[in-house]
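The values are calculated or read from the model by the stated rules, or taken from the named source; none is laboratory data. This structure is a prediction, so every number in the text was calculated from the model and none was measured. Every residue, glycine among them, receives a Cβ derived from its backbone with ideal geometry; neighbour counts consider all protein chains shown.
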Amino acid sequence: KAGVTQTPRYLIKTRGQQVTLSCSPISGHRSVSWYQQTPGQGLQFLFEYFSETQRNKGNFPGRFSGRQFSNSRSEMNVSTLELGDSALYLCASSSGGSNYEQYFGPGTRLTVT
Amino acid sequence: AQSVTQLGSHVSVSEGALVLLRCNYSSSVPPYLFWYVQYPNQGLQLLLKYTSAATLVKGINGFEAEFKKSETSFHLTKPSAHMSDAAEYFCAVTFMDTGRRALTFGSGTRLQVQP
């Protein structure tokens, strides 16, 4: 099975712009979660989608949003970018059943200048 | 609220020596616990998991961890370190509840392996 894929791998944006990141989960997985990784705050949970519905949300401002499509692919959007949004954004997929294992993609490195 | 504490942000061992990375958790309900490894410029790779079955869990690359409820610990060990083990290791916890997958991570331990 192919693993979790994320596009793009690297992105440079300017303050005030918006950005959309994409994640394709492992085939058959219905749950997609997003995490932000920064040197200062570490790994923090953003949100989880399951069957096109947001099931869980972390403590991030409303500028961070996401969605999931019927094929389980997910996108996250960050509007009005700030310098502090520079981070590695990781997507993780899970089957969504009783198996709690999450499998991570390689991440998207976002740099905000 | 759940939390994870990893003792030691940096650990250095000699090649062939025992690897011990410490993780303590706090959870008001039975936890699921995980260890992940991250190599530079890569995502996280699942090493092993505890999901209420056997307390001694074996993972990939020769790693294992033991769940000790009385000590609220889930330390990661490997009998003999290899140069390729140099990476950052994260302990994570989630709840056995309604199926939500949010992981709470520790701050990570960077393992250095000396030749």
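In the range B:46-64, is there at least one residue being basic (Lys, Arg) and over 26 Å from residue A:34 (Cα atoms)?
Within the range B:46-64, one or more residues are basic (Lys, Arg) and over 26 Å from residue A:34 (Cα atoms).
As an exercise: evaluate residue A:91 against (1) modelled with pLDDT of 95 or more; (2) buried (at least 16 other Cβ atoms within 10 Å of the Cβ); (3) over 11 Å from the mean Cα position of the chain (by Cα) and give the number of the one condition it does not meet.
For residue A:91, the failing item is (3).
Consider the range A:16-29. How many of its residues are of a type outside the set (Val, Ile, Thr), touching a strand residue (DSSP E or B) at 6+ places or on another chain (Cβ under 6 Å) and either closer than 22 Å to residue A:113 by Cβ or surrounded by fewer than 18 Cβ atoms within 10 Å (Cβ to Cβ) (or both)?
Adding up the residues that qualify gives 2.
One line per residue, one yes/no per condition, for (1) among the charged types (D, E, K, R); (2) in contact (Cβ under 8 Å) with a residue 60 or more places away in the chain; (3) under 16 Å from residue A:20 (Cβ atoms):
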| residue | (1), (2), (3) |
| --- | --- |
| A:52 | yes, no, no |
| A:55 | yes, no, no |
| A:64 | no, no, yes |
| A:72 | no, no, no |
| A:76 | no, no, yes |
| A:85 | yes, no, yes |
| A:93 | no, yes, no |
| A:96 | no, yes, no |
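Being part of a loop (DSSP other than H, G, I, E, B), surrounded by 14 or more Cβ atoms within 10 Å (Cβ to Cβ) and either in contact (Cβ under 8 Å) with a residue 12 or more places away in the chain or more than 12 Å from chain A (Cβ to nearest Cβ) (or both) narrows it down to one of B:81, B:54, so name that one.
When all the criteria are applied, what remains is B:81.
Looking only at strands (runs of 3 or more DSSP E) that fall completely inside the range A:1-65, which ones have 2 or more residues that are closer than 15 Å to residue A:87 by Cβ? Lay out the reasoning, then the answer.
Numbers: elements: A:5-7, A:10-13, A:19-24, A:31-38, A:42-50, A:53-57.
Of the strands (runs of 3 or more DSSP E) lying wholly inside the range A:1-65, those with at least 2 residues that are closer than 15 Å to residue A:87 by Cβ span A:10-13, A:19-24, A:31-38, A:42-50.
I need the full set of residues from the range B:84-106 which are loosely packed, with under 14 Cβ neighbours inside 10 Å and assigned to a loop (DSSP other than H, G, I, E, B), in order please.
Once the filter is applied, which keeps residues that are loosely packed, with under 14 Cβ neighbours inside 10 Å and assigned to a loop (DSSP other than H, G, I, E, B), the range B:84-106 yields B:97, B:98.
Confirm whether residue B:37 is buried (at least 19 other Cβ atoms within 10 Å of the Cβ), within 17 Å of residue B:86 (Cβ to Cβ) and within 12 Å of chain A (Cβ to nearest Cβ). Quick ask: steps written out before the conclusion?
Numbers: buried (at least 19 other Cβ atoms within 10 Å of the Cβ): yes; within 17 Å of residue B:86 (Cβ to Cβ): yes; within 12 Å of chain A (Cβ to nearest Cβ): yes.
Spelling it out, residue B:37 is indeed buried (at least 19 other Cβ atoms within 10 Å of the Cβ), within 17 Å of residue B:86 (Cβ to Cβ) and within 12 Å of chain A (Cβ to nearest Cβ).
Every residue, every condition in (1) facing chain B (nearest Cβ under 9 Å); (2) buried (at least 21 other Cβ atoms within 10 Å of the Cβ); (3) under 24 Å from residue A:2 (Cα atoms), yes or no:
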| residue | (1), (2), (3) |
| --- | --- |
| A:38 | no, no, no |
| A:77 | no, no, no |
| A:83 | no, no, no |
| A:87 | no, yes, no |
| A:108 | no, yes, yes |
| A:112 | no, no, no |
